[in-house]
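Scroll down for the structure; my scribbles are underneath it.
Please treat every number below as a calculation from the coordinates, not as lab data. Here the structure is a predicted model, which means the values were calculated and not measured. Every residue, glycine among them, receives a Cβ derived from its backbone with ideal geometry; neighbour counts consider all protein chains shown.
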Amino acid sequence: MKPSHPLTPEEEINIEIRRKTIKAFALFGLAGFVPFGVWKYIKNQPKTDGVENPLRNILEINCKLSKSYFSQVRLAPTFNKSEAAKKPKVNGREGLKKPIDLTEWSLKITSDYKEKKIVSLNIDQIKSLPKHEVIFEFKCIEGWSQVMHWGGARLCDLMETYKLGTRDGSILNNSDFKNLFKYVGMETPDKEYFVGIDMESALHPQTLLCYELNGKPLSQDHGFPLRLIIPVKYGVKNIKRIGNIIFTDNRPADYWAELGYDYFGGL
């Protein structure tokens, strides 16, 4: 049945999401009828990033589905400061085994293309960028969610200021994706935790490099001195204590994707 009025772009996106979601549920519903012998066959197949290839293929389909309805103009719902949790929960401590000294920390940034561009920034240089705040519902794959209040610099502002993310070293142009690297990789200083982010999500206006939680400096457990907050993705992508960033066309390693989760990690 055709709608009685021309669809807005947002209505068209919502219809496409519903169509693809129904298709995905149908496919996974059929998976419940897979015979034991087929399942045993799947478990004996070669693995990619720690997951059997047939299952990894399903995860890749899920990634494509998530990316198909992602839009930089669709913002995560926000809340009032009064609604933010007074005692924010902690999601994971990988990469945070030892306390870190701010005087010994710096954010090292490289671009993986021809002549590598290397930038090293201290926390004051990051704080000199325009400050943004976001109060949203942080969602963890463990099943809990909580409204949290974060503050920091937008990743896109850092990229624009230091001419990062473009293959030719020119200033950032969000509309010229042909000149942008496809991915952003991040890892903790000890390299124990690492994530890969698609460039479209990295440029989302709510994606922040945060140094504050509830108006105060981050604690060690929450990622002091700098962490990623990306409201359009689950908490596993919100890496804490960022030490290194790389812009690359090769999909970076991702801690939880190697443990069987989909790479995109979008909500």
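Count Lys and Arg as plus one, Asp and Glu as minus one, and take only other residues whose Cβ is under 12 Å from that of residue 138; the net charge is then +3.
Grab the beta carbon distance between residue 118 and residue 259, set R0 = 30 Å, and tell me the FRET efficiency rounded to 0.05.
Working: r = 30 Å, r/R0 = 1.02.
Efficiency, from the Cβ-Cβ distance: 0.50.
Tally Lys and Arg at +1 and Asp and Glu at -1 over the other residues with C-beta under 9 Å from the C-beta of residue 148: what net charge comes out? Net of charged neighbours comes to 0.
Past the 31 Å Cα-Cα mark, which pairs from 108/216; 131/233; 97/178; 117/139; 97/127?
With Cα atoms farther than 31 Å apart: 97/178; 117/139.
In this simple spin-label approximation, residue 190 and residue 103 carry label points 7 Å from Cα along the Cα→Cβ vector, and these lie 2.2 nm apart.
All other residues with a Cβ under 10 Å from the Cβ of residue 174 taken together, and with Lys, Arg as +1 and Asp, Glu as -1, what is their net charge? Result for the neighbourhood of residue 174: -3. Per-residue Cβ neighbour counts within 10 Å put 159, 186 in the sequence 159, 186, beginning with the fewest.
Note on residue 249 and residue 173: the model spin-label points, each 7 Å out from Cα along the C-beta direction, lie 1.8 nm apart.
Using unit Cβ charges (K, R positive; D, E negative) and no other charged atoms, how large, in debye to the nearest 20, is the dipole of the stretch 167-221 about its Cα centre?
Working: 5 positive and 9 negative charges, 36 e Å.
Value, rounded to 20: 180 debye.
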